[in-house]
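Read the structure below first, then the notes.
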Amino acid sequence: MDLLRLITAGSVDDGKSTLIGRLLYDSKSIMIDQLEAIEKQTKNKENGSIDLALLTDGLRAEREQGITIDIAYKYFSTPKRKFILADAPGHIQYTRNMVTGASNADLAIILIDARKGVIEQTKRHSIIASMLGIKHIVVAINKMDLVNFSQDVFTNILLDYTKTASELGLKNVIYIPISALQGDNIVEKSVFMPWYDGESLLHILENVKLDSEVNWNDARFPVQYVIRPQTLALHDYRGYAGKITSGTYKVGDKITVLPAGLESTLKTIEIGGKQVTEAFASQSVTFQLTDDIDISRGDIIVKQENQPLLTQDLEVLLCWMDAKPLKAGNKYLLQINSRAVKSVVKNIEYKLDVNTLEKLRSPENVGLNDVIKATIRTALPVAVDSYPINKSTGSGILIDETSNATVGACMIQ
Amino acid sequence: MHTIEYLDQLESEAIHIMREVAGQFEKPALLFSGGKDSITLVRIAEKAFRPGKFPFPLVHIDTGHNFPEAIEYRDRLVNQLGEKLIVGSVEETIREKGLTVPVGKFASRNALQTFTLLDIIEKHGFDACIGGARRDEEKARAKERIFSVRNEFGQWDPKLQRPELWNIYNGRIHKGENVRAFPISNWTELDVWNYIRKEKIDLPSIYFSHERLCLSYQEQLVAVSPFITIDEDDEISMKRVRYRTVGDMTCTAAVESNATTIDEIINEIIATKTSERGETRIDDKVSEAAMEDRKKNGYF
């Protein structure tokens with residue numbers, strides 16, 4: 001059985017949490033005691049039906065305000081697939097929390113209120129989805145029951161969103177009319193929308209192909225930790241522990257260690273203490289090399305014939321996530337996988353207007369949730385790929401060394 | 001092209017997180033309760049660091065109200081592993097700090113554990129504690145990051161969590177703060193059991209069906225022990241039970257079961273209609289935000 005990681009995004013009151021509640025409820029992933037607990041809480045509400053949103057709004061402040069503040073992770077499975085679902089906040093001030101959830105997602109469900117159509121938040125969420133390279137987008141047009149299940153309403157929103165999608169270069173967009181509250185087109189196809197010839201949402205989630213997610217061509221192995229037992233029997237053992245982020249490795253591969261450029265050969269590969277001859281992307285392994293060379297955390301082991309770019313100058317798309325504004329010339333720590341280097345944001349080329357998708361050249365200020373194109377200079381060389389080709393070695397975070405906060409998400413171009 | 005089974009993906013993710021803790025912190029620790037989740041963490045640590053030693057000790061917060069079977073298991077495991085164990089005694093904290101011990105029928109030391117945990121963290125200078133919490137357990141936990149920063153009082157601020165992107169973990173902290181790291185955040189109860197089956201992991205005997213004298217209280221079965229108060233009209237009887245979670249004897253309820261093997265337990269869990277904590281934890285029912293409040297106060 002494989003695993004699909006997905007995120008749901010939408011604006012306030014689009015019914016996102018209700019949709020998740022519905023998916024969990026209809027796939028029988030809610031337990032009786034959890035249901036009783038939310039029934040108890042919804043008793044005082046007027047219409048009597050239970051409020052499924054209470055399943056994901058796990059914080060007191062969220063329940064008080066009736067909004068989602070931070071990502072909630074939910075887990076469910078069907079006989080076909082296992083799902084990890086990140087419920088993202090819709091509020092503009094919590095956009096950085098959406099970015100957190102979206103960074104690991106294979107698929108995004110973008111919710112649109114059928115009565116409101118495409119709004120600023122829809123565009124913002126779509127920009128984030130495109131920027132983070134989420135491969136599959138499902139546009140769920142919700143609250144169809146409130147527009148009499150009208151095909152015209154659906155088609156107009158579809159046409160409107162198609163414009164945004166093409167501007168952003170989003171491919172594989174699937175459109176689906178739903179009513180999360182009533183369960184229409186969620187697990188079963190709705191009887192109220194015979195004009196819709198697609199599949200139900202759950203069917204789509206179960207059958208989306210995940211092959212394109214992994215880069216199998218460019219072997220990358222960032223070293224996290226060096227294992228040195230230093231016992232009598234294992235006196236010379238040096239194991240380089242890490243997770244293969246892309247590609248495959250075989251015993252006997254000629255390798256290069258970056259940034260130093262040292263060369264050696266893969267002597268052994270171990271997974272969980274067992275020796276194997278081959279390992280591939282997403283496996284946590286331990287390498288031993290034929291030569292005793294200096295390797296430590298933050299280095300990256302690649303194959304000699306396929307090397308990433310070694311550079312001190314990066315061009316990045318950057319999502320700013322701190323309340324303090326970003327100014328050109330500010331210094332931060334840039335962390336890429338296990339490597340952290342000092343860096344300076346040199347030039348801010350443009351800021352993206354989330355409504356018009358226009359590029360505002362040389363913006364005066366960059367604030368919370370702004371998306372910009374910038375150049376970064378690092379104190380030491382870093383080995384990187386371009387984000388669209390290789391997510392893991394193409395992404396990094398900026399850390400403010402005075403507050404230790406994570407303040408920026410960088411996608412290397 | 002390769003495909004990787006979801007359980008292998010979860011294992012690999014957990015190993016990655018544990019190695020990040022080892023790589024980023026000076027003095028980490030692994031919180032070990034004797035329950036299946038922390039036992040799973042130990043297996044993950046073996047996979048992450050063997051043939052080397054663990055780069056951290058195991059830390060057990062002993063409330064004095066543990067199941068004897070869990071303590072016995074703990075000592076056996078530590079002996080087999082050849083790793084260091086640090087035990088923090090709640091009993092001692094109560095004595096040294098003059099804490100007020102809760103009273104009542106099932107007087108639980110659950111809240112007092114936090115004092116001992118924070119003491120141990122301070123005494124040993126731990127900057128990161130690895131825990132076996134899972135996001136599917138409870139709705140406040142569903143909100144927590146994998147690297148969860150706590151202030152010098154061990155407190156969690158749910159409104160001020162760091163963005164956590166891709167598989168990059170920011171473990172930078174100021175002196176006095178610490179990080180709680182949760183490698184099996186993305187596992188469900190069933191994932192843990194499937195992993196235990198796959199890895200043939202030995203568990204404390206109380207996870208399997210056995211005869212036990214139980215008190216029936218509000219549809220829950222509480223083990224008869226010196227730590228609870230028994231009243232005259234209490235309904236006490238011998239039951240065939242197993243435990244679905246292992247906490248203190250005062251706040252963990254048993255479930256009726258004949259399951260004596262992992263396969264049988266997994267079948268029962270697939271068929272159950274009640275959540276893990278809902279069925280077995282007496283301490284979560286206090287209020288809607290019980291877990292959130294405890295976490296804000298430094299609970300792991």
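The values are calculated or read from the model by the stated rules, or taken from the named source; none is laboratory data. For clarity, every value in this text was computed on a predicted model and none was experimentally measured. Virtual Cβ from ideal backbone geometry, glycine too; neighbours counted across all protein chains shown. Keep in mind that these areas ignore ligands, DNA and RNA; they rest on the heavy atoms of the full protein, side chains included. Shrake-Rupley method; radii C 1.70, N 1.55, O 1.52, S 1.80 Å.
Which of the peptides B:264-274, B:194-204 is most tightly packed, and how do the rest follow, judged by the mean count of other Cβ atoms within 10 Å per residue?
B:194-204, B:264-274
Between A:Asn172 and A:Leu357, what is the spin-label point distance in nm, taking each point 7 Å from the Cα along the Cα→C-beta axis?
Inter-label distance under the simple model: 1.9 nm.
Charges only on Cβ, +1 for Lys and Arg, -1 for Asp and Glu: so what's the dipole of chain A about the Cα centre, in debye to the nearest 20?
The calculated dipole for chain A is roughly 560 debye.
Calculate, for B:Lys200 and A:Ala233, the FRET efficiency according to 1/(1 + (r/R0)^6) with r their C-beta to C-beta distance and R0 22 Å; round to the nearest 0.05. Working shown, then result.
Working: r = 26 Å, r/R0 = 1.16.
Efficiency for this residue pair is about 0.30.
Given charges of +1 on the Cβ of Lys and Arg and -1 on the Cβ of Asp and Glu, with all other atoms neutral, how large is the dipole of region B:154-290 about its Cα centre, in debye to the nearest 20? Mind dumping the intermediate values first?
Numbers: 17 positive and 24 negative charges, 169 e Å.
With Lys and Arg at +1 and Asp and Glu at -1, about 820 debye.
What FRET efficiency do you get for B:Lys159 and A:Gln275 if R0 is 35 Å and r is their Cβ-Cβ distance, rounded to the nearest 0.05? Walk me through the intermediate numbers first.
Values: r = 47 Å, r/R0 = 1.35.
Given R0 = 35 Å and the Cβ-Cβ separation, E is 0.15.
When ligands, DNA and RNA are left out and all protein chains stay put, how many square angstrom of accessible area per residue does region A:309-412 have with a 1.4 Å probe? Present the calculation step by step, with values, prior to reporting the outcome.
Numbers: 4220 Å² over 104 residues.
Heavy-atom accessible area per residue stands at 41 Å².
Using a 1.4 Å probe on protein heavy atoms, which residues of region A:379-413 have at least 40 Å² less accessible area in the complex than alone?
By number: A:Ile397, A:Asn404, A:Thr406.
Check B:Val87: other-chain or 5+ apart residues with amide H under 5 Å from its amide H, H built from backbone geometry?
Excluding prolines and chain starts, which carry no amide H, the hits are B:His60.
GNM on chain A, C-alpha springs below 10 Å: top fluctuator among A:Ile269, A:Ile32, A:Ile178?
Of A:Ile269, A:Ile32, A:Ile178, the Gaussian network model singles out A:Ile32 as fluctuating most.
How high is the FRET efficiency from A:Glu120 to A:Ser386, r the C-beta distance, R0 45 Å, rounded to 0.05?
Values: r = 29 Å, r/R0 = 0.65.
Step by step, r from the Cβ atoms, then E = 0.95.
Taking Rh as the Kirkwood radius computed over C-alpha pairs, what is the Stokes-Einstein D of chain B at 37 °C in a medium of viscosity 0.692 mPa s, expressed in µm² per second? Provide the component values of the computation, followed by the final result.
Working: Rh = 20.0 Å.
D = 165 µm²/s.
Can you put B:Glu83, B:Glu72 in order of accessible area, largest first, using a 1.4 Å probe? Walk me through the numbers before you get to the answer.
Numbers: B:Glu83 20, B:Glu72 115 Å².
Descending accessible area places them as B:Glu72, B:Glu83.
More than 18 angstrom separation, counting every C-alpha pair in region A:134-211; what % is that?
Working: 1232 of 3003 pairs.
Considering region A:134-211, 41 percent of its Cα-Cα pairs are separated by more than 18 Å.
Dipole size in debye (nearest 20) for the protein assembly as shown around its Cα centre, Lys and Arg Cβ +1, Asp and Glu Cβ -1? Mind showing how you got there, number by number?
On the way: 88 positive and 100 negative charges, 325 e Å.
Approximately 1560 debye in magnitude.
Trypsin sites (Lys or Arg not before Pro) within region A:318-388: which are DSSP loop residues with at most 14 other Cβ atoms inside 10 Å? Write out the running numbers ahead of the final one.
Values: sites: A:Lys327, A:Lys331, A:Arg339, A:Lys342, A:Lys346, A:Lys351, A:Lys359, A:Arg361, A:Lys373, A:Arg377; in loops: A:Lys327.
The qualifying sites are A:Lys327.
Using a 1.4 Å probe on the protein chains only, how many percent of the accessible area of region A:86-180 belongs to carbon and sulfur? Intermediate results must be reported in sequence, preceding the final value.
Details: 1520 of 3130 Å².
The nonpolar share, carbon plus sulfur, comes to 49 percent.
Counting other Cβ atoms within 10 Å, keep those with at most 10, restrict to DSSP loop, and tell me which chymotrypsin sites (Phe, Trp or Tyr not before Pro) in region A:220-264 are left. Can you show the working numbers first?
Working: sites: A:Tyr225, A:Tyr237, A:Tyr240, A:Tyr249; in loops: A:Tyr237.
Answer by residue number: there is no such site.
Test of understanding: what is the full-extension gain from A:Leu210 to A:Leu159, defined as 0.36 nm times their sequence separation minus their Cα-Cα distance? Write down the numbers at each step before the final one.
On the way: separation 51, 0.36 × 51 = 18.36 nm, distance 2.67 nm.
Full extension from A:Leu210 to A:Leu159 adds 15.7 nm.
Given labels modelled 7 Å from the Cα in the Cβ direction, how far is it in nm from A:Glu305 to B:Glu211?
Label-label distance for A:Glu305 and B:Glu211, simple model: 6.9 nm.
Using 0.36 nm times the number of residues separating B:Glu264 and B:Gln218, minus their current alpha carbon distance, what extension gain do you get? Mind showing how you got there, number by number?
Working: separation 46, 0.36 × 46 = 16.56 nm, distance 2.64 nm.
Separation in residues times 0.36 nm, less the Cα-Cα distance, equals 13.9 nm.
Can you compute 3J(HN,Hα) from phi for each residue in region B:49-59, using the Karplus curve 6.51 cos²θ - 1.76 cosθ + 1.60 with θ = phi - 60°, rounded to whole Hz and x for Gly and Pro?
10, 5, x, x, 7, 5, x, 7, x, 8, 10
Quick check for you: with a 1.4 Å probe and neighbouring chains kept, what is the accessible area per residue of region B:205-285, in Å²? All intermediate terms of the calculation are to be shown ahead of the outcome.
On the way: 3770 Å² over 81 residues.
Spelled out: the 1.4 Å probe surface of region B:205-285, per residue, equals 47 Å².
Using modelled amide H (1.01 Å from N, peptide plane; none on Pro or chain starts), what sits under 5 Å from the amide H of A:Gly408, excluding residues fewer than 5 places away?
Close amide H contacts, sequence-distant or interchain: A:Met321, A:Leu398.
Out of region B:102-161, which trypsin sites (Lys or Arg not before Pro) are coil in DSSP terms and have no more than 15 other C-beta atoms within 10 Å? Before the final figure, lay out the partial values.
Values: sites: B:Lys105, B:Arg109, B:Lys123, B:Arg134, B:Arg135, B:Lys139, B:Arg141, B:Lys143, B:Arg145, B:Arg150, B:Lys159; in loops: B:Lys105, B:Arg109, B:Arg134, B:Arg135, B:Lys139, B:Arg145.
Those that pass, being in a loop and sparsely packed, are B:Lys105.
Give the A-B buried accessible area in Å², both sides summed, 1.4 Å probe, nearest 100. Don't skip to the end; give the middle numbers.
On the way: alone 19720 and 14790 Å², together 28650 Å².
Looking at A and B, the buried total is near 5900 Å².
Contact order normalised by length for chain A, with contacts defined as Cα pairs under 8 Å and 6 or more residues apart; what percent is it?
Numbers: 917 pairs, mean separation 47.8, N = 413.
Answer for chain A is 12 percent.
What is the average number of partner chain Cβ atoms found within 10 Å of a Cβ in A:98-111? Walk me through the numbers before you get to the answer.
Working: counts 1, 3, 7, 3, 1, 6, 6, 0, 0, 0, 0, 0, 0, 0.
Across the residues of A:98-111, the mean count of other-chain Cβ atoms within 10 Å is 2.
Going by amide H atoms built from the backbone, whose H comes under 5 Å of the H on A:Lys303, apart from near neighbours?
A:Ala219, A:Thr256
So between A:Ser403 and A:Ala379, what do we pick up on full extension, going 0.36 nm a residue minus the alpha carbon distance?
Here the answer is 6.6 nm.
Once Lys and Arg get +1 and Asp and Glu get -1 on their Cβ, which of A:Leu318, A:Val341, A:Cys410 lies farthest toward the positive end of the dipole of region A:309-412?
After comparing all options, I get A:Val341.
Pop a pseudo-label 7 angstrom from the Cα along the beta-carbon direction at both B:Met238 and A:Thr265 and give the gap in nm to one decimal.
6.8
With θ set to phi - 60°, apply the Karplus curve 6.51 cos²θ - 1.76 cosθ + 1.60 along region B:110-123 and write out the HN-Hα couplings as whole Hz, x wherever there is a Gly or Pro.
Residue by residue, region B:110-123 yields 3, 5, 6, 3, 4, 4, 5, 4, 5, 4, 5, 4, 5, 4 Hz.
Which listed residue (A:Leu132, A:Ile204, A:Pro222) has the Cα farthest towards the positive end of the charge dipole for chain A, taking +1 on Lys and Arg C-beta and -1 on Asp and Glu C-beta about the Cα centre?
A:Pro222
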